[in-house]
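Inspection log for the structure reproduced underneath, given as C-alpha coordinates.
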Amino acid sequence: MNIVFVAPKSAWRDALAAETRAAADAGHRVRVVAEDWEGSGLDARVETRWIGAKAVEFPESLLVRLFLRRLPLGALRRIGRGPLRGPAERVSRAWRRTFLGPLKRRRNPRTEAMREQHRIARVRQALDDWEPDWIVLHEPLAVELGVHCLPALLDARPDLKTTFSFETRSSLDPAHAG
(Lines give C-alpha, C1' and ligand atoms only; values in the text may rest on other atoms or scores of the structure.)
Protein backbone atom coordinates (compact mmCIF):
# COMPACT_ATOMS: atom_id res chain seq x y z
CA MET A 1 0.00 0.00 0.00
CA ASN A 2 1.25 3.51 -0.85
CA ILE A 3 1.05 5.80 2.18
CA VAL A 4 1.71 9.55 2.09
CA PHE A 5 2.34 11.43 5.33
CA VAL A 6 1.57 15.13 4.92
CA ALA A 7 3.36 17.32 7.50
CA PRO A 8 3.75 20.78 5.95
CA LYS A 9 5.49 22.41 8.92
CA SER A 10 7.15 19.32 10.37
CA ALA A 11 6.11 20.36 13.85
CA TRP A 12 5.94 16.87 15.37
CA ARG A 13 9.16 15.42 13.98
CA ASP A 14 9.67 12.59 16.47
CA ALA A 15 6.12 11.34 15.99
CA LEU A 16 6.48 11.61 12.21
CA ALA A 17 9.70 9.57 12.28
CA ALA A 18 8.13 6.91 14.52
CA GLU A 19 4.93 6.59 12.47
CA THR A 20 6.71 6.43 9.12
CA ARG A 21 9.08 3.79 10.51
CA ALA A 22 6.09 1.75 11.73
CA ALA A 23 4.44 2.04 8.31
CA ALA A 24 7.63 0.94 6.54
CA ASP A 25 8.00 -1.95 9.03
CA ALA A 26 4.46 -3.03 8.14
CA GLY A 27 5.57 -3.41 4.51
CA HIS A 28 4.05 -0.25 3.03
CA ARG A 29 5.71 2.13 0.58
CA VAL A 30 5.99 5.39 2.49
CA ARG A 31 6.42 8.95 1.30
CA VAL A 32 6.69 12.03 3.50
CA VAL A 33 5.74 15.47 2.25
CA ALA A 34 7.18 17.84 4.84
CA GLU A 35 9.23 20.93 5.52
CA ASP A 36 12.93 20.11 5.39
CA TRP A 37 14.84 19.83 8.63
CA GLU A 38 18.43 18.87 9.37
CA GLY A 39 19.01 15.38 10.71
CA SER A 40 15.46 14.32 9.92
CA GLY A 41 15.78 10.95 11.66
CA LEU A 42 13.52 9.38 9.06
CA ASP A 43 14.02 5.75 8.15
CA ALA A 44 16.06 5.13 4.99
CA ARG A 45 13.09 3.30 3.43
CA VAL A 46 10.98 6.46 3.58
CA GLU A 47 10.89 8.57 0.43
CA THR A 48 10.87 12.29 1.15
CA ARG A 49 9.51 15.27 -0.72
CA TRP A 50 10.66 18.44 0.97
CA ILE A 51 8.37 21.42 0.61
CA GLY A 52 10.96 24.18 1.06
CA ALA A 53 8.49 26.87 2.16
CA LYS A 54 10.94 28.37 4.66
CA ALA A 55 13.04 29.63 1.75
CA VAL A 56 10.10 31.51 0.21
CA GLU A 57 10.11 35.15 1.25
CA PHE A 58 8.45 38.30 -0.03
CA PRO A 59 11.27 40.34 -1.58
CA GLU A 60 12.55 43.52 0.03
CA SER A 61 12.80 46.56 -2.23
CA LEU A 62 16.23 47.59 -3.46
CA LEU A 63 16.01 50.99 -1.76
CA VAL A 64 15.18 49.45 1.61
CA ARG A 65 17.84 46.78 1.24
CA LEU A 66 20.51 49.30 0.27
CA PHE A 67 19.71 52.44 2.27
CA LEU A 68 18.10 51.02 5.41
CA ARG A 69 19.94 47.75 5.77
CA ARG A 70 23.31 47.41 4.02
CA LEU A 71 24.77 50.92 4.27
CA PRO A 72 23.86 51.75 7.90
CA LEU A 73 24.57 48.28 9.28
CA GLY A 74 27.77 47.99 7.25
CA ALA A 75 29.00 51.33 8.60
CA LEU A 76 28.12 50.31 12.16
CA ARG A 77 29.91 47.00 11.68
CA ARG A 78 33.08 48.86 10.57
CA ILE A 79 32.86 51.28 13.48
CA GLY A 80 32.33 48.34 15.82
CA ARG A 81 35.71 46.82 14.96
CA GLY A 82 37.50 49.37 17.05
CA PRO A 83 37.12 50.77 20.53
CA LEU A 84 33.53 51.83 19.83
CA ARG A 85 32.29 48.24 19.68
CA GLY A 86 29.76 48.54 22.53
CA PRO A 87 28.09 51.76 21.36
CA ALA A 88 28.05 50.52 17.73
CA GLU A 89 26.27 47.30 18.78
CA ARG A 90 23.68 49.26 20.79
CA VAL A 91 23.01 51.60 17.86
CA SER A 92 22.79 48.59 15.52
CA ARG A 93 20.21 46.90 17.77
CA ALA A 94 18.22 50.13 18.04
CA TRP A 95 18.37 50.60 14.25
CA ARG A 96 17.09 47.07 13.64
CA ARG A 97 14.32 47.48 16.21
CA THR A 98 13.26 50.98 15.10
CA PHE A 99 13.56 50.83 11.32
CA LEU A 100 13.93 47.25 10.13
CA GLY A 101 11.49 45.62 12.57
CA PRO A 102 8.38 47.48 11.34
CA LEU A 103 9.37 46.82 7.72
CA LYS A 104 9.69 43.11 8.42
CA ARG A 105 6.34 43.04 10.25
CA ARG A 106 4.76 44.66 7.21
CA ARG A 107 6.32 42.03 4.90
CA ASN A 108 5.40 39.03 7.10
CA PRO A 109 1.74 38.65 5.99
CA ARG A 110 2.77 38.70 2.33
CA THR A 111 5.54 36.20 3.03
CA GLU A 112 3.12 33.87 4.84
CA ALA A 113 0.63 34.09 1.94
CA MET A 114 3.38 33.16 -0.51
CA ARG A 115 4.51 30.27 1.71
CA GLU A 116 0.96 28.92 1.97
CA GLN A 117 0.54 28.96 -1.82
CA HIS A 118 3.91 27.23 -2.14
CA ARG A 119 2.88 24.53 0.38
CA ILE A 120 -0.44 23.94 -1.40
CA ALA A 121 1.29 23.56 -4.76
CA ARG A 122 3.97 21.19 -3.41
CA VAL A 123 1.48 18.99 -1.54
CA ARG A 124 -0.80 18.81 -4.57
CA GLN A 125 2.16 17.93 -6.80
CA ALA A 126 3.35 15.18 -4.43
CA LEU A 127 -0.13 13.65 -4.24
CA ASP A 128 -0.62 13.80 -8.02
CA ASP A 129 2.79 12.22 -8.69
CA TRP A 130 2.30 9.20 -6.48
CA GLU A 131 -1.34 8.03 -6.40
CA PRO A 132 -1.49 7.09 -2.72
CA ASP A 133 -3.81 4.48 -1.23
CA TRP A 134 -3.68 6.12 2.19
CA ILE A 135 -3.08 9.74 3.18
CA VAL A 136 -2.06 10.57 6.74
CA LEU A 137 -2.70 14.22 7.60
CA HIS A 138 -0.06 14.32 10.29
CA GLU A 139 -0.57 17.83 11.70
CA PRO A 140 -3.31 20.48 11.83
CA LEU A 141 -1.85 22.50 8.96
CA ALA A 142 -2.09 19.40 6.76
CA VAL A 143 -5.85 19.41 7.29
CA GLU A 144 -6.05 23.06 6.28
CA LEU A 145 -3.99 22.42 3.15
CA GLY A 146 -5.94 19.25 2.42
CA VAL A 147 -9.07 21.33 1.86
CA HIS A 148 -7.54 22.52 -1.41
CA CYS A 149 -6.73 19.15 -2.97
CA LEU A 150 -8.45 16.33 -1.05
CA PRO A 151 -12.08 16.81 -2.20
CA ALA A 152 -11.17 16.30 -5.86
CA LEU A 153 -8.89 13.40 -4.98
CA LEU A 154 -11.58 11.71 -2.88
CA ASP A 155 -14.17 12.20 -5.63
CA ALA A 156 -11.85 10.54 -8.13
CA ARG A 157 -10.87 7.73 -5.73
CA PRO A 158 -13.59 6.94 -3.15
CA ASP A 159 -11.55 4.01 -1.76
CA LEU A 160 -8.75 6.38 -0.65
CA LYS A 161 -8.17 6.15 3.09
CA THR A 162 -7.51 9.40 4.97
CA THR A 163 -6.54 9.48 8.65
CA PHE A 164 -4.73 11.67 11.15
CA SER A 165 -2.19 9.04 12.20
CA PHE A 166 -0.87 5.69 11.06
CA GLU A 167 -2.86 2.85 12.56
CA THR A 168 -2.38 -0.81 11.79
CA ARG A 169 -5.32 -2.69 10.33
CA SER A 170 -5.85 -4.70 13.52
CA SER A 171 -6.16 -1.58 15.67
CA LEU A 172 -8.82 -0.20 13.31
CA ASP A 173 -10.82 -3.43 13.30
CA PRO A 174 -13.60 -3.38 15.96
CA ALA A 175 -13.23 -7.13 16.46
CA HIS A 176 -9.69 -6.61 17.79
CA ALA A 177 -10.60 -3.72 20.10
CA GLY A 178 -10.21 -4.59 23.75
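Numbers at a glance
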| item | result |
| --- | --- |
| Dipole in debye (nearest 20) - the chain, about Cα centre, beta carbon charges: Lys, Arg +1; Asp, Glu -1 | 2080 |
| Percent accessible area from carbon and sulfur atoms, the chain, protein chains only, probe 1.4 Å | 55 |
| R0 of 25 Å, Cβ-Cβ distance W95-K54: FRET efficiency to nearest 0.05 | 0.45 |
| Farthest positive-ward along the chain dipole, Cα basis, beta-carbon charges - from L154, L16, V56 | V56 |
| Between segment 45-59 and segment 108-162, the Cα center-to-center distance that results, in Å | 14 |
| Length-normalised contact order of the chain in % [C-alpha pairs under 8 Å, at least 6 apart] | 28 |
| Listed peptides 119-132, 152-165 by packing density, highest first (mean Cβ within 10 Å) | 119-132, 152-165 |
| Helix-only mean residue ellipticity at 222 nm for the chain, each DSSP H run of n ≥ 4 adding -39500 (n - 2.57), per residue, nearest 500 | -15000 deg cm²/dmol |
| The chain: projected area of the alpha-carbon convex hull, averaged over directions, in nm² | 14.8 |
| Per residue accessible area in Å² of segment 1-154, where ligands, DNA and RNA are left out and the probe is 1.4 Å | 59 |
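The values are calculated or read from the model by the stated rules, or taken from the named source; none is laboratory data. Bear in mind the structure is a predicted one, so any value in this text is a computation, not a measurement. Note that each Cβ is placed from the backbone with ideal geometry, even for glycine, and that neighbours are counted across all protein chains shown. Ligands, DNA and RNA are stripped out before the accessible areas are found, and what is left, the full protein with its side chains, is counted by its heavy atoms. Shrake-Rupley method; radii C 1.70, N 1.55, O 1.52, S 1.80 Å.
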